[in-house]
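Shown next, in structure tokens, is the structure this report addresses.
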Amino acid sequence: MTQRIAVVTGGIGGLGTAICKALAADGRTVIAADLDGHPERVARFEHEVDGLDIRFAPLDVADFNACATFVEAIQREHGSLDILVNNAGITRDATLRKMAPEQWQLLLDVNLTSAFNLCRGAIDGMIERGFGRVVNISSVSGQTGNFGQTNYAAAKAGLHGFTMSLARETATKGITVNSVSPGYIETPMTRAMPDAVRERTQAQIPVGRLGQPGDIARAVAFLAAEDAGYITGANLPVNGGLFMDY
Ligand code: NAP
């Protein structure tokens, strides 16, 4: 099998770590790109993935020039960038009436513009090599909206519009572009929810539990597979039945 090089942004986070491990288990060389400001978290991550073909690389996905330089460096060092998982994300919750322009802009920069920043650098090489897998991590909030999350829901819904458009632009080139929309998954992001909100949310999930990071990683690995070439422009909800659509 051709050795594939995968980049997972937000790669040392809750879902990112699970996605890195799933891709490595499938034989990919994985680069976990994340902010540089957490030496203890990076050390913990490196310990957790010790022995796997996974390494950390610092990157701010909101910085267009940094993303261009990063993609060039990966391609120079590894020969290609074949699988790109745009997973980095933040929340900056507030009702619209209380939301500062900075809360809106930073969230859009990190959760949506980041996908443009990285795809813009990576897509030419994928086209030249005739192979690429892009997976954008969206959210059920982008499908249903969520109280206090106009910024987050707009970015996540926007990510899917981005996914469908780029899928059309690259469909004849061996490249697929899809999104995965997690429901509520047990990570530091959801552990920050107040207990009452968590309990209320859990009660609404038909499967009866929050998801595990591995549930999302499985979906990403599926879409990134060599033989997943006929699935493009799709959104794969992984939400325990919380939101069903057709
Ligand atoms: P997480 O544990 O907070 O991981 C996100 C990672 O992205 C963190 O390591 C974070 O670093 C990093 N990051 C933030 N800003 C960045 C930047 N500018 N450049 C590079 N990396 C940056 O969150 P998660 O739960 O794993 O979420 C991963 C993705 O899934 C996000 O896109 C999120 O919106 C989506 N999602 C999660 C859930 C859920 O239930 N957990 C549900 C739906 C969708 P810092 O810690 O320094 O911010």
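The values are calculated or read from the model by the stated rules, or taken from the named source; none is laboratory data. This one's a predicted model, so the numbers in the text were calculated from it and none came from an experiment. Please note: Cβ atoms are built from the backbone with ideal geometry, for glycine as well, and neighbour counts cover all protein chains shown. These accessible areas exclude ligands, DNA and RNA; they are computed on the full protein's heavy atoms, side chains included. Shrake-Rupley method; radii C 1.70, N 1.55, O 1.52, S 1.80 Å.
For this structure, a couple of remarks:
- Top-ranked residue of segment 1-38 - restricted to ones that are free of Cβ contacts under 8 Å to residues at least 60 places away in the same chain, in a strand (DSSP E or B) and near the ligand (Cβ under 10 Å from one of its atoms), ranked as most open to solvent (accessible area, probe 1.4 Å): D34
- For beta carbons closer than 8 Å, sequence separation of 6+ or different chains, a first residue in segment 220-235 that is farther than 21 Å from I5 by Cβ and open to solvent by less than 30 Å² (accessible area, probe 1.4 Å) and a second that is modelled with pLDDT of 95 or more and aliphatic (A, V, I, L, M), the qualifying pairs are G233/M164; G233/A167; G233/A171; G233/V177.
- Hits in segment 98-120 (condition: touching a strand residue (DSSP E or B) at 6+ places or on another chain (Cβ under 8 Å) and over 21 Å from G132 (Cα atoms)): A100, Q103
- Pick from segment 116-141, criterion open to solvent by 20 Å² or more (accessible area, probe 1.4 Å) and within 15 Å of the ligand (Cβ to nearest atom), ranking: farthest from the chain's Cα centre (by Cα): G121
- Qualifying residue in segment 87-106 (condition: polar (S, T, N, Q) and under 22 Å from C20 (Cα atoms)): yes
- Filter result (more than 17 Å from V110 (Cβ to Cβ), within 12 Å of the ligand (Cβ to nearest atom) and buried (at least 19 other Cβ atoms within 10 Å of the Cβ)) within segment 39-67: F45, F56
- Meets criteria (more than 10 Å from the ligand (Cβ to nearest atom) and open to solvent by 30 Å² or more (accessible area, probe 1.4 Å)) for G174: yes
- Every residue from segment 91-117 that is in contact (Cβ under 8 Å) with a residue 60 or more places away in the chain and either of a type outside the set (G, A, S) or part of a strand (DSSP E or B) (or both): T91, R92
- Selection of segment 142-151 for residues being touching a residue at least 40 places away in the same chain (Cβ under 8 Å) and open to solvent by 20 Å² or more (accessible area, probe 1.4 Å) yields Q143, T144, F147, T150.
- Annotation: of all residues in segment 201-211 being surrounded by 15 or more Cβ atoms within 10 Å (Cβ to Cβ) and not hydrophobic (A, V, I, L, M, F, W, C), the one that is modelled with the highest pLDDT is G211.
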